[in-house]
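Colleague: One structure is given below, represented as structure tokens, and several questions about it will come after.
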Amino acid sequence: MSTVARVTVPMFRARKGQTPLVVVTAYDAPQGRLADAAGVDAILIGDSLGMTTLGYDTTLPVTLDDLILHARAVARGQATRTVEKNASEDAVRGARHALLVGDLPFGSYGISVEDGVRSGVRMMQEGNVQAVKVEGASETIEETTRRLVALGVPVMAHVGLTPQAVHRFGGFKVQGRTDDEGDRILTDVRRMADAGAFGVVLELMPSDLARRITAAVPIPTIGIGAGPDCDGQVQVLHDLLGLTDGRLPRHAHRYVDAARVIQTAVSEYAGDVRARRFPTADNSF
Ligand code: KIV
């Protein structure tokens, strides 16, 4: 077995305008291992953790300690993946470890630059990720980004529908529908790119606006509900797997109905135990 190299921040950034970047969320060690083995370019330990895994309605209750715990788990899971010793050069190249990006949660940045810088450093140091992500582009967040980047902490920006501000928006609604709003979002992305962000998530906005932003800025745009013309796409793992409770967001696609697979397996197990079909002699000592 041999270990695999990693997608780096400069490699990620250099993919602007090339083959679309693939990003997916993950929240624990098995998910980190499997997402990595699927060959994605980056794994986001997102604060969507709150909804997918912790049972909250929004991302707001998620803490920095929660995200660090889950980021470490993803990193450990990813680290367990190796490539066969005799694998071809192509297989090794195609089997790079994904870049790990850890979300900074609500309240851990944006109040003061110092707090935000400390949170970013903690996420890198304790979460074992290679970059952090922040939502919004206030002056404090712009300056926090500048300081983090200067310290060696790569920052991914996130604009459009920023779920940590869901109550200001009055729900998970498409942003940038008017020219003024679109211009403001584009200005925010330019400011974050100038502050040193290496990429930006564009969430829930008209495809035309996402196309305009993608053409106007030097960093890769990663869309979610922002149409097909971004430099990459990000999706929440639970949406892809069919593990999302309730209605699937319009921007997502269910690739497998894992909820049904899991429920069927567990009820078969329950039936076997009750009928004394499990454990068998093979399962016994
Ligand atoms: O937390 C998350 O999963 C995210 C993605 C939706 C981009 O921020």
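Nothing in this text is a laboratory measurement; each read-out follows from the coordinates by a stated rule. Only a predicted model underlies this, so the values are computations on that prediction, with no experimental measurement involved. Cβ: placed from backbone, ideal geometry, glycine included. Neighbour counts: every protein chain shown.
Colleague: Could you give the nm distance between label points at A216 and D115, where each point is 7 Å from its Cα heading toward the beta carbon?
Modeller: Those two pseudo-labels are separated by 3.1 nm.
Colleague: Using alpha carbons only, how many degrees (0 to 90, rounded to 10) separate the axis of helix 139-151 from the longest principal axis of the chain?
Modeller: 70
Colleague: Also, I was wondering about something else. Listing H253, H158 from the residue with the fewest other Cβ atoms within 10 Å to the one with the most, what is the order?
Modeller: Taking fewest neighbouring Cβ atoms as first place, the list is H253, H158.
Colleague: Simple spin-label model, 7 Å along Cα-to-Cβ: T58 to A79 in nm?
Modeller: Roughly 3.6 nm, to one decimal.
Colleague: Using 0.36 nm times the number of residues separating A37 and S138, minus their current alpha carbon distance, what extension gain do you get?
Modeller: 32.7 nm
Colleague: Can I ask one more? With viscosity set to 1.567 mPa s and temperature to 4 °C, compute the Stokes-Einstein D of the stretch 181-251, Rh being the Kirkwood radius across alpha carbon pairs; µm²/s, no decimals.
Modeller: 101
Colleague: Of the listed peptides 257-269, 31-43, what is their order by residue-averaged count of other C-beta atoms within 10 Å, with the highest listed first?
Modeller: 31-43, 257-269
Colleague: Extent of the stretch 110-180 along each principal axis, from alpha carbon coordinates, in Å, largest to smallest?
Modeller: Reported extents, whole Å, longest axis first: 38, 22, 19.
Colleague: A follow-up question, please. Between A270 and D28, what is 0.36 nm times their sequence separation minus the Cα-Cα distance? Round to one decimal in nm.
Modeller: 84.5 nm
Colleague: Normalised by the number of residues in the chain, what is the relative contact order in percent for Cα pairs under 8 Å and 6+ residues apart?
Modeller: After rounding, I find 17 percent.
Colleague: Show that you can apply the helix-only estimate: for the chain, add -39,500 (n - 2.57) for every DSSP H stretch of four or more residues, divide by all residues, and state [θ] at 222 nm to the nearest 500.
Modeller: -12500 deg cm²/dmol
Colleague: Along the Cα-to-Cβ line of D208, 7 Å from the Cα, sits a label point; which residues in the stretch 162-179 have backbone N less than 13 Å from it?
Modeller: The answer is 176-179.
Colleague: Here is a follow-up. In nm, give the distance between the simple-model label positions of A165 and F285, each being 7 Å from the Cα along the Cα-to-Cβ direction.
Modeller: Here the answer is 5.8 nm between the modelled labels.
Colleague: Using the Kirkwood formula over every pair of different C-alpha atoms, what hydrodynamic radius in Å results for the stretch 1-49?
Modeller: 12.0
Colleague: Here's a follow-up. How large is the Kirkwood hydrodynamic radius of the chain, in angstrom, based on all distinct alpha carbon pairs?
Modeller: 19.8
Colleague: Something else: Using DSSP to define loop residues, name the chymotrypsin sites (Phe, Trp or Tyr not before Pro) in the stretch 108-176 whose beta-carbon has at most 14 other beta-carbon atoms within 10 Å.
Modeller: Qualifying residues, ordered by number: F172.
Colleague: From the square roots a ≥ b ≥ c of the eigenvalues of the alpha-carbon gyration tensor of the stretch 105-229, which class results: rounded (a/c under 1.5), prolate (a/b over b/c), or oblate?
Modeller: prolate
Colleague: Sort D179, D188, D272 so that the residue with the fewest other Cβ atoms within 10 Å of its own Cβ comes first and the one with the most comes last.
Modeller: Starting with the residue having the fewest Cβ neighbours, the order is D179, D272, D188.
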